[in-house]
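The values are calculated or read from the model by the stated rules, or taken from the named source; none is laboratory data. Quick caveat: nothing in here was measured; it's all calculated off a predicted structure. Cβ: placed from backbone, ideal geometry, glycine included. Neighbour counts: every protein chain shown. Ligands, DNA and RNA are excluded from the accessible area calculation, which covers all protein heavy atoms including side chains. Shrake-Rupley method; radii C 1.70, N 1.55, O 1.52, S 1.80 Å.
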Amino acid sequence: MADNTDLKPTGTETVNGNGKDGSGGYKMRVGFGTIAMLISATGMGLVPLFSRWATRTDMFDGAAGFNAGDSIGALMAVGRMGMGVIFFVILLLATHKVHVFKKLKLTPAIALGGLMIGLSLACYVTSTLLTTVSNAVLFIYIGPVICVLLARIFRKEPMSKLQWICLLAVFIGMLFGNNLIGFNESGFFVDFNLQTSTPEFPMKGVGDAFGLASGVFYGASMFFNGYRKDADTTARGVWNFIFAVVGAGAVTIILNSLGSTPDMANWALNVHFTPFNWAGAILLWIICGPIALGFLLVAGRNLPAADYGTIAYWEVPVAIFVGLVVFGEALTINTIIGGVLIIGGGAVPSIKGMITGRKLKQQDEIGEKLAGHLDEKSQQGALGDSAAALLDTGRGAELGMMANDTKITSNLTHIATETHFEAALSEEELKAAFAKHGLPGFPAKLDIPERTEDHVQMMALDGLLEFAKANDAGAVAYDVTYFPHADEAEVDYQLQQLGRDLEIDAAVIRDVCADEIKEYLALDAKRNPDLPVHSIVEAYVGGTAFAWYGMNEYPRLKRVILNALSQGGQKAKRSFIERASKAQVELLEDY
């Protein structure tokens, strides 16, 4: 059983004290955390092995009795919780958090969280001695469902349909685990006559009751630890284990006091351990104490809460394996069914939370990238529609430099204060201009994204042609581009471009920006497709390209979307990022 001391990932908790404990900005190592949690859960799962080693007259024969009274299980829990106190005090000193511990206000939630885990472990260890390992471990793992139920009753937290189903599954699992319902050679049966004694476990009914109590107390501990999440993990851990010792000690005293009654003398402690028993006790207190708890802290620092809670269930198969292999406890079909229902009922919500957490993390990462891209595109849009339109044409590096009002060529840097583009001209209009300046013009494929040659930008066509003529250019090259009215194929093309820019799927943008797409198509339908959208003239002088760009305004889907976000302010931008990143995560799940 993973002691619930609110060991959430340290990097997400409120930093207390001097903040020098290394928690700030810590990046979780999930792989390392997973290994640590498996080691910790394995240590917890070995509790039945070491508890029987420490207490039985014959480790492998329960009928031979104990080298102590039946309350010895609770005393073993006191030892283990005491080791927890020592471990956390050492950790408190090593991390220089003594002042944090002194400042931490002790509240009923912190005290009750520790008290409940102490009561739980005392009942659990007692259960492992008096009933089968599978029954003991399955009963304690009704705890997560008990926690949900308590939160529903006292904190009015809503329960989903899945949680109600899981609660029912755990209840039915308990019935199967105790052979109150199940299958035998005659088929399905219902028998509410509890089997309270077997040759191996004369007090099996009492052991099962302690197992059930351990699960209830475990759930209560998780419930109380749901409060005061502001408390530092280490400082809170010290208080938790102090009160855990009190809880386990109280159970020990109560059970031992029962031994004063003649017909209940078996509960008196009467410890007479052999060296073999003491070896088991020491292993229980160390392996299931500092070692398991230490790796539990490492796991809590490196795993999201849902992953942490789910991997903790590894304790169950470890404990059942100990019962099956070491102690030869047979697994019946009813025990297996009960185990699957109880483990499933507790683990499914954790697994669901783990999946949801990973989706949210992935959504946040996509959202951060998307926000950065949108900011970049907004800055480009601030340069003016003409500059943005040139960027849309795909004229690579030279246009990107223009958009920043800085023109860099191989030979010079030109700072432009304003950028005004003349209107695009048709081929006939360009030829007339060339004839006017006495220069021949030749058509060329100039508008290609792959072209990255540096250019010197000239804003007036007449200026470029006069410059070319004065420098004996001899001829110029030109290109004129027309766009037909946009159709679905054009929308798909522009969505693919925007998707690459924003690093999200085009289908996501189509879904999220359906209104903007309709607006774009309506705007483009009003445009005259017989007018050129842009024309380019280039002349080479001394090996350097000099260019003129003519632009006519035309709608672009990217600009329609960015304008809508700009006009909507931060609220619209956040809404777009949230919807788009969520849709992108859902789309990735389909592949």
Worksheet, complete the sentence: With criteria (1) farther than 30 Å from Gly65 by Cα; (2) at pLDDT 85 or above; (3) assigned to a helix (DSSP H, G or I), Val170 comes up short on (2)
Item to complete: Please state which one of Gly69, Gly65 is more than 33 Å from the chain's Cα centre (by Cα) and at positive phi.
Response: Gly65
Fill in: Residue check for Phe483: surrounded by 12 or more Cβ atoms within 10 Å (Cβ to Cβ) and either at pLDDT 90 or above or not in a helix (DSSP H, G or I) (or both)
yes
Item to complete: Taking Asp501 as meeting all but one of (1) of a type in the set (Asp, Glu); (2) open to solvent by 70 Å² or more (accessible area, probe 1.4 Å); (3) under 19 Å from Glu368 (Cα atoms), write down the number of the exception.
Response: (2)
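Output yes when any residue across segment 220-235 is open to solvent by 50 Å² or more (accessible area, probe 1.4 Å) and either modelled with pLDDT of 90 or more or in contact with an Asp or Glu (Cβ under 6 Å, 6 or more places away or on another chain) (or both), and no when none is.
Going through segment 220-235, the residues open to solvent by 50 Å² or more (accessible area, probe 1.4 Å) turn out to be 227-230.
If we keep only those that are either modelled with pLDDT of 90 or more or in contact with an Asp or Glu (Cβ under 6 Å, 6 or more places away or on another chain) (or both) too, we end up with none.
No, segment 220-235 contains no residue that is open to solvent by 50 Å² or more (accessible area, probe 1.4 Å) and either modelled with pLDDT of 90 or more or in contact with an Asp or Glu (Cβ under 6 Å, 6 or more places away or on another chain) (or both).
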Practice prompt. Examine segment 3-21 for a residue that is open to solvent by 20 Å² or more (accessible area, probe 1.4 Å), on the phi < 0 side of the Ramachandran plot, at pLDDT 65 or above and not basic (Lys, Arg), and state whether such a residue exists.
Written response: no
Discussion item. Pull out all pairs, ordered by first then second residue, where Cβ-Cβ is under 7 Å, the residues are six or more apart or on different chains, the first lies in segment 80-91 and is more than 11 Å from Leu293 (Cβ to Cβ) and touching a residue at least 24 places away in the same chain (Cβ under 8 Å), and the second is assigned to a helix (DSSP H, G or I) and open to solvent by less than 30 Å² (accessible area, probe 1.4 Å).
Written reply: Val89/Val238
Discussion item. Could you check segment 85-103 and list, in sequence order, the residues that are under 29 Å from the mean Cα position of the chain (by Cα) and either assigned to a helix (DSSP H, G or I) or hydrophobic (A, V, I, L, M, F, W, C) (or both)?
Written reply: Phe88, Leu91, Leu92, Val100
Worksheet entry | Residues (in a helix (DSSP H, G or I) and surrounded by fewer than 21 Cβ atoms within 10 Å (Cβ to Cβ)) located in segment 63-82 | Gly79, Gly82
Fill in: Hits in segment 434-474 (condition: within 15 Å of Ala547 (Cβ to Cβ), open to solvent by less than 50 Å² (accessible area, probe 1.4 Å), out of contact with any strand residue (DSSP E or B) (no Cβ under 6 Å at 6 or more places or on another chain) and modelled with pLDDT of 90 or more)
Ala460, Gly463, Leu465
Worksheet, complete the sentence: Subset of segment 96-107, residues surrounded by fewer than 18 Cβ atoms within 10 Å (Cβ to Cβ) and in contact (Cβ under 8 Å) with a residue 24 or more places away in the chain, comes to His96, His99, Lys103, Leu106, Thr107
Discussion item. Among the residues of segment 518-539, are any crowded, with 20+ Cβ neighbours inside 10 Å, modelled with pLDDT under 85 and in a helix (DSSP H, G or I)?
Written reply: no
Practice prompt. Just give me the residues in segment 407-433 being in a loop (DSSP other than H, G, I, E, B) and either open to solvent by 80 Å² or more (accessible area, probe 1.4 Å) or modelled with pLDDT under 90 (or both), in sequence order.
Written response: Thr409, Ser410, Asn411, Leu412, Ala416, Thr417, Glu418, Thr419, His420, Phe421
Practice prompt. Say whether the condition of being open to solvent by 30 Å² or more (accessible area, probe 1.4 Å) and closer than 30 Å to Ile291 by Cα is met by at least one residue in segment 151-163.
Written response: no
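Specify the residue that is farthest from Gly43 (Cα to Cα); the eligible residues are those in segment 300-353 that are among the small types (Gly, Ala, Ser) and at pLDDT below 75. Write out each step before concluding.
First pass over segment 300-353, keeping only residues among the small types (Gly, Ala, Ser): 300, 305-306, 309, 312, 319, 323, 328, 330, 338-339, 344-347, 350, 353.
After this cut, where a residue has to be at pLDDT below 75 as well, the list is 300, 305-306, 309, 346, 350, 353.
Details: Gly300: 16, Ala305: 20, Ala306: 20, Gly309: 15, Gly346: 20, Ser350: 21, Gly353: 25 Å.
So, considering only residues that are among the small types (Gly, Ala, Ser) and at pLDDT below 75, the one farthest from Gly43 (Cα to Cα) is Gly353.
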Item to complete: Starting from residues that are over 37 Å from the mean Cα position of the chain (by Cα) and surrounded by 13 or more Cβ atoms within 10 Å (Cβ to Cβ), keep the ones in segment 175-188 and report whichever is farthest from Gly114 (Cα to Cα).
Response: Phe183
Worksheet item: Only one residue in Val148, Val170 is within 33 Å of the chain's Cα centre (by Cα), open to solvent by less than 40 Å² (accessible area, probe 1.4 Å), within 24 Å of Leu121 (Cα to Cα) and among the β-branched types (Val, Ile, Thr). Which one?
Response: Val170
